[in-house]
Amino acid sequence: MAPRREFRFNSNSVKTSKKSTKNWYESYLEWGKFISLFTDPKKLFLIGRLFIILEIILNVLVIEKVPYTEIDWKAYMQEVEGFLNGTLDYSKLKGDTGPLVYPAGFIYIFSILYFITGRGAEIKIAQYFFAVLYIVLLTLVFRIYAKTKKVPPYILIILCCTSYRVHSIFTLRLFNDPVAMVLLFASLNAFLDEQWYLGSILYSMAVSVKMNILLFAPALLIAYICNLGLPFLIDNPFAYIKGAFNFGRIFEFRWTVNWRFLPEDVFIHPYFHVSLLALHVLTLIYCIPTWIKYMKSYAKLKHVEKSLQPQLKKKEKVDMSTVSQLFIFPMFAANFIGMAFSRSLHYQFYIWYYHTLPYIAWCTDYRTVIKLTILGVIELCWNTYPSTVFSSVSLHICHLMLLFSFIKDKSNREKEK
């Protein structure tokens, strides 16, 4: 007969069980912290630093491994050369692609590049200059996103990894759009830091490079728009205004990204242009009252922040950085509305709103899957060359979905009141 075993309480097994449970909770918490790096908007700048480093490496690889494509660089240098030779009459400044159609800031900045690159011949130097611009732009954009705490950090993966077209605009095409956008985002950062004088100067400089920056301006008065253009205004003011800020310019149908589904005669018809302008203005009129409320609230809350700060102890701090959303959203939304009703969008224009799209998407009430789908479809549309009826229609559908969300949000707020 087998001996009977007595039941004995094993304290070691209990301790082991408690220890394993504790380890599981600790590992879970650690995993939770890791996941929060990609989902918590407050930690966006930490991930942003990593992506800045990766982008530096990527831009070097692109410059060294991918062939440069000539489009407008030679024309830029020819236009600048005319100015450096003493021509101040805008109607006489021309390049291979036609007459000069950019404001005076473009001339001054690209004159510097003209000398740095050996009269435009050293393309590699120009490419590295634009790579630096790209890193500066990302830093400025990430700073706005980190300050507003609106967008989750994993969106940076989308911004950096799906930006084939944007990388091309910077380092492989050398368009002037990046220069304008860097100045624009620098001005927005200055405004958020309450440096209104500096912000106004930077914004005016951005406008002086390319007039698409005016899309951001419905709520912003431009005080310095003609400062850099003074010599040209003195010599031939009519030619300068007509050339640099030509709102009647006719775009070529072959380059359009957004209106490929229209017949060409409709695309170039003045009535079509007037209709788009009317829709643009009416949409702005509808949205501006809400934006004024946002701006007033922003001003009041910034005043409260300044009033509270002296009353707090040195180590105490009230984080009111999210009020920046009240300032940034109207700026991004005004530009987006301008893009949605644009007479024509060319491929290099993508950079005009690329870095604002995730923010715009996260200001809607759509589910995350829908937001990501919209961003993905927009990216595909801009990377379809040449554009097709399907890509153009899809782009408009995505624009309208985002725009509809703004309108619906405004209507819901008014109903609640």
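Set the bar at 21 Å for Cα to Cα. Now go through LYS74/LYS210; LYS65/LYS124; LYS210/LYS371; LYS65/LYS210; LYS149/LYS210 and name every pair that lies beyond it. Checking Cα-Cα distances, LYS210/LYS371; LYS65/LYS210; LYS149/LYS210 exceed 21 Å.
The stretch between ALA278 and LYS42, if pulled fully straight at 0.36 nm per residue, gains 81.0 nm over its current Cα-Cα span.
Given their separation in residues at 0.36 nm each and the Cα-Cα distance between them, LYS94 and GLU194 gain 32.0 nm when the chain is fully extended.
For region 40-210, the calculated P(r) over all alpha carbon pairs, in 10 Å bins from 0 to the bin holding the longest distance, is 10, 33, 33, 18, 5, 0 percent.
Extending 7 Å from the Cα toward the beta-carbon at both TRP255 and SER111 defines two label points whose distance is 2.5 nm.
Close amide H contacts of GLY95 (hydrogens built in the peptide plane, cut-off under 5 Å, sequence separation of 5 or more or a different chain): LEU100. For region 107-123, the Karplus equation 6.51 cos²θ - 1.76 cosθ + 1.60, evaluated at θ = phi - 60°, returns couplings of 4, 5, 5, 6, 5, 5, 5, 4, 7, 4, 9, x, 6, x, 7, 7, 4 Hz by residue, with Gly and Pro reported as x.
Each label was represented as a point 7 Å from its Cα along the Cα-to-Cβ direction; for TYR271 and LEU301 these points are 4.6 nm apart.
Compute the distance from the alpha-carbon center of region 166-182 to that of region 337-391, in whole Å. Region 166-182 and region 337-391 have Cα centres spaced 17 Å from each other.
Each of the peptides 348-356, 41-49 was scored by the mean count of other Cβ atoms within 10 Å over its residues; in descending order, highest first, they stand as 348-356, 41-49. Dividing the mean sequence gap of close Cα pairs (under 8 Å, 6+ apart) by how many residues region 40-210 holds gives a relative contact order of 32 percent. Note on exposure: ILE378, ILE125, ILE109 ranked by accessible area (1.4 Å probe, complete protein assembly) read ILE125, ILE109, ILE378, with the most exposed listed first.
The values are calculated or read from the model by the stated rules, or taken from the named source; none is laboratory data. Every value quoted in this text rests on a predicted model; they were computed, and no experiment measured them. Note: ideal-geometry Cβ built from the backbone for every residue, glycine included; neighbour counts use all protein chains shown. Ligands, DNA and RNA are stripped out before the accessible areas are found, and what is left, the full protein with its side chains, is counted by its heavy atoms. Shrake-Rupley method; radii C 1.70, N 1.55, O 1.52, S 1.80 Å.
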